[in-house]
1. State, to one decimal in nm, how far the label point of Leu334 lies from the label point of Asp262, with both points 7 Å from Cα in the Cβ direction.
2. Please give the net charge around Ser341, taking every other residue with its beta carbon less than 10 angstrom from that of Ser341, where Lys and Arg add +1 and Asp and Glu add -1.
3. Give the shape of segment 595-634 as rounded, prolate or oblate, defined through the alpha-carbon gyration tensor: a ≥ b ≥ c are the square roots of its eigenvalues, a/c under 1.5 means rounded, and otherwise the shape is prolate if a/b is larger than b/c and oblate if not.
4. Counting Lys +1, Arg +1, Asp -1, Glu -1, what net charge surrounds Glu373 among other residues with beta carbon under 11 Å of its beta carbon?
5. Amide H neighbours of Ala447 under 5 Å, counting only residues 5+ apart in sequence or on other chains, H built in-plane at 1.01 Å?
6. Sum up the charges of everything whose Cβ sits under 13 Å from the Cβ of Thr220, counting Lys and Arg as +1 and Asp and Glu as -1, but leave Thr220 out.
7. Ranked by accessible surface with a 1.4 Å probe, highest first, in what order do Phe790, Phe182, Phe259 come?
8. Output ³J(HN,Hα) for segment 389-400: one whole-Hz value per residue in order, computed from phi by the Karplus curve 6.51 cos²θ - 1.76 cosθ + 1.60 with θ = phi - 60°, and x for Gly and Pro.
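The values are calculated or read from the model by the stated rules, or taken from the named source; none is laboratory data. Not measured: the values here are computed from a predicted model. Please note: Cβ atoms are built from the backbone with ideal geometry, for glycine as well, and neighbour counts cover all protein chains shown. Areas reflect the complete protein model, heavy atoms only, side chains present, ligands, DNA and RNA absent. Shrake-Rupley method; radii C 1.70, N 1.55, O 1.52, S 1.80 Å.
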Amino acid sequence: MTSNRPKAISLSFIAQSQSKICHYCLATQTSHVTHLEFMKKICLTSVRQVRSRAIAACLAGCLPLVLLLASISFSFTSQAQGLSLGGAPNLSAQDLNALKSSMGMGGLGMSGSSGSGANFVGPNMGGATLLALPPSISDEEQVDPNKKDTNRKAMPLPPNEFQKYVLEVTGKALPLYGADFFENSRYAMQQQQSPVGDDYILGAGDQLLIRVWGSTSGETQATIDRAGEIAIPKLGTLRLAGVKASQAQASVKALFNKFYKDIEVSVSLGKLRKITVFVVGQSRYPGSYQLNSQSTLTSGLFASGGPNASGSIRKVQLKRNGAVVSELDLYAFLGKGDKTSDVRLQDGDVIFYPQAAGHMAFVGKVNAPGVFEIKNSQETVADFLNLAGGLPVVADPRRANIERLTPGKDQPRRVEDLTLDEAGLKKQIQNGDVVNVGQIVPEMANAITLRGNVAQTSRTAFKPGMRISDVISQRTLLISPESVRKQNEVLFDSFEQERSARFRGRVPLDLALERMSELQDKSQDKSQDKSQDKSQDKSASTIFAMMEAVPAYKSDKLEKSPFISEETVVDKIGGLIDEVNLDYAVIERISRSDLKVSVVPFNLGKVLANPKDADNLELQPGDVITVFSVKDLRVPISRRQVFARIEGEVNRPGVYQVSPGEGLTQLIQKAGGLTADAYLFGAGFYREEVKKSQQENLTKLLRRIESESSGTLAQAAQSVGASSDPGIVQAKIAALQQSQKQSIERTKSLKPEGRISLGLPTDGAESLDKLPVIRLSQGDKFHVPSRPDFVYIFGSVNTESALIYRGGLTVADYIQLAGSGIGADKNGVILMRADGSAVTNQSSWRNEVLSTKVMPGDTIVMPEKLDRESGWSVLVRNTKDFTQILYQLGLGAAAIKTLRQ
């Protein structure tokens with residue numbers, strides 16, 4: 001059993017090697033000596049590929065049989081182009097059967113039995129039927145070094161002279177119509193993979209794929225040789241040149257039916273033969289091209305890249321044997337899909353690109369502006385307008401003109417009016433014409449426009465006799481989208497409010513991209529060595545950042561989002577709807593006779609109350625109605641809804657609607673009056689308008705302090721005296737600078753409250769009759785605190801704390817209780833009242849603040865002296881300065897006396 005295994009392996013190897021030799025013989029048609037060399041290579045290659053050393057040893061022992069195979073291969077090459085296995089006299093029947101079974105593997109051979117009349121056996125084979133159909137070497141493996149690359153991507157054409165002229169006179173770089181057709185790099189590949197028509201004529205070089213099944217099976221590839229024939233193993237040759245592709249299968253089947261019964265044959269085309277076509281004239285890439293045999297004139301145009309900038313695609317000529325057989329107008333194909341002139345190419349054809357006869361251009365409002373080639377002088381505006389895609393709906397056919405050239409004149413350009421009606425479309429085009437089509441004026445002819453504080457801005461078609469009440473028929477049409485949003489967001493939490501606010505404030509994507517592009521143009525010095533992924537991520541994040549109306553504030557501390565409103569639920573009461581100004585609305589009317597705008601006011605409230613009122617004016621086409629809110633135009637306070645807020649020591653704190661003219665007393669009464677703990681003297685009254693005014697004044701104060709700081713420093717440097725120690729002078733200036741810096745920082749930290757001091761007297765302040773008469777406004781806040789039991793003292797005192805209030809004590813008494821500091825400036829003491837007012841010293845003889853009685857909740861502020869220099873130091877410094885002056889005067893007097901002598 002061990003001895004039979006190497007023998008079986010040897011026979012299998014011989015059979016496979018013999019099959020390879022046969023394929024090689026048919027493809028190369030070489031002698032048997034070359035076959036011996038080829039067999040040696042096969043043996044060595046096969047031995048290297050064997051992994052087992054034992055099998056490799058068995059193969060090495062088969063060398064005698066290799067010599068025997070050389071004689072077998074010689075018998076193969078001596079037969080006709082078909083492949084038949086002849087028996088070798090030195091092979092036993094057992095070896096021959098093993099060899100035949102090995103060669104019948106895969107799709108490389110066909111084996112089976114047929115009828116008595118169908119056996120096709122080699123001369124040395126004794127009755128066994130074996131038909132081997134080896135595949136021929138694929139044409140794809142044969143590289144043609146002279147083959148042109150017809151799949152290259154054509155570069156865009158440079159502009160021709162007329163395109164440059166159009167750019168110069170119109171400022172528009174227009175494309176040449178049809179040039180982009182040759183930039184489709186996949187067109188040639190699609191042509192090669194397109195199916196072959198039934199009328200295709202077979203010729204030398206065409207490849208056929210033959211598949212057989214039935215009484216026997218197999219497949220092979222056959223190429224028509226120069227004699228117009230194909231060779232089928234064991235069956236002979238068959239002439240197919242000149243046969244149509246639809247008839248090839250019948251011809252091949254007829255040959256097989258001579259030798260086999262009950263057999264089916266399928267024939268399909270593989271790689272087609274190549275033809276040589278020459279491209280000359282005004283071609284972008286002139287030369288010879290290898291195309292497949294089913295290529296048409298259009299295929300040749302694309303393979304050659306089309307004409308150059310001056311060439312014509314409207315008179316492309318196909319020449320065969322010196323005569324023009326076809327002239328192709330590619331505009332007919334591009335504009336209408338007409339391929340009647342697109343004939344099939346033959347070997348040796350010549351494609352000629354002539355010079356273009358002329359060009360014209362369409363600019364303005366056409367669907368596809370561009371430069372077009374002129375074929376002859378009979379073409380009209382309509383012909384080229386169809387190529388330009390026609391007119392869009394925004395084009396005005398009444399506003400067109402032709403700029404025409406007349407070479408040879410001093411002023412060769414002139415313009416002609418053109419109306420694109422039936423007569424204008426028939427106007428003939430000349431070389432160099434530029435047709436400009438204007439745009440319609442987007443003026444609304446019969447619209448009534450409604451805008452402002454309304455539910456939806458809109459345009460309504462005008463009708464004769466139309467009045468204001470026909471446009472604004474009810475008050476619900478005056479509820480603005482902002483009012484609806486406020487009503488929808490009453491249940492939103494802070495995050496939902498922020499999300500909604502961010503969405504409303506988001507910049508549209510197109511504007512964000514433009515802003516990002518502007519930023520990139522300004523920052524060209526950024527690093528270029530980052531990866532593409534990081535750049536894309538950065539670009540995406542930048543886009544979203546640019547879309548945010550308010551950029552995110554980056555800080556280590558948790559900052560409150562600018563989109564989150566600081567208003568509480570109480571602050572929002574009464575603000576669910578924007579109040580409309582019903583007393584004043586306007587109609588803007590344009591007079592087409594004198595081109596002036598007139599404004600016609602009317603009372604919208606009267607119109608809604610009574611449509612027959614005189615304010616219900618009759619409208620005219622083009623009128624624009626504008627409705628205002630009370631925020632757009634301030635109305636008298638007596639005509640506005642007022643909601644005031646009261647809280648603190650009242651019986652029913654809340655938000656109350658007050659009538660025009662009502663004040664604090666009426667508000668307290670609506671809230672049920674004061675409680676027993678109410679401290680009316682310390683009540684705070686706040687108003688938003690005052691808060692805005694305080695913020696503006698604070699900003700002005702800050703600017704004035706910053707501008708005056710430099711002058712203060714210069715004045716302080718001069719006031720220290722000429723004889724002062726420079727070190728002391730520098731220290732005082734540094735201290736003053738630090739003091740000014742702290743003062744500026746404190747000023748910046750101040751937050752205006754909008755509080756109004758009521759100015760209540762200290763005696764009898766708890767009486768409502770003492771309240772000032774102030775008419776309430778929308779959003780006013782009134783806070784009544786409870787009576788405090790403390791007095792606060794801060795500044796240059798020994799104890800900064802809250803002292804218990806004692807009736808009758810003055811500011812000096814409380815300073816004495818707290819103890820004043822060494823650097824305290826008693827002349828600058830300030831008493832800040834609980835009602836928001838401040839008491840300062842206004843007398844130069846005595847300090848009136850120190851003798852003022854203190855009220856509960858008051859605050860005493862004791863400032864420090866800016867200049868802490870003692871009186872003795874000031875006296876000594878002044879004495880030195882005075883002595884220095886006298887000394888200088890003495891020197892001057894002595895000098896004068898000397899000069900006189």
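1. Taking the two extended label points, one gets 6.2 nm.
2. Values: positive: Lys339; negative: Glu327, Asp329, Asp338, Asp342.
That works out to -3.
3. Oblate, because a/c is 1.5 or more while a/b does not exceed b/c.
4. Numbers: positive: Arg314, Lys315, Lys375; negative: Asp329, Glu379.
Computed value for this residue: +1.
5. Residues meeting the amide H criterion: Phe462, Gly622.
6. Values: positive: Arg211, Lys234; negative: Glu219.
Taking every Cβ under 13 Å from that of Thr220, the sum is +1.
7. On the way: Phe790 90, Phe182 5, Phe259 45 Å².
From most exposed to least exposed: Phe790, Phe259, Phe182.
8. Per residue, the Karplus-derived 3J(HN,Hα) values read x, x, 9, x, 5, 8, 7, 9, x, 7, 10, 9 Hz.
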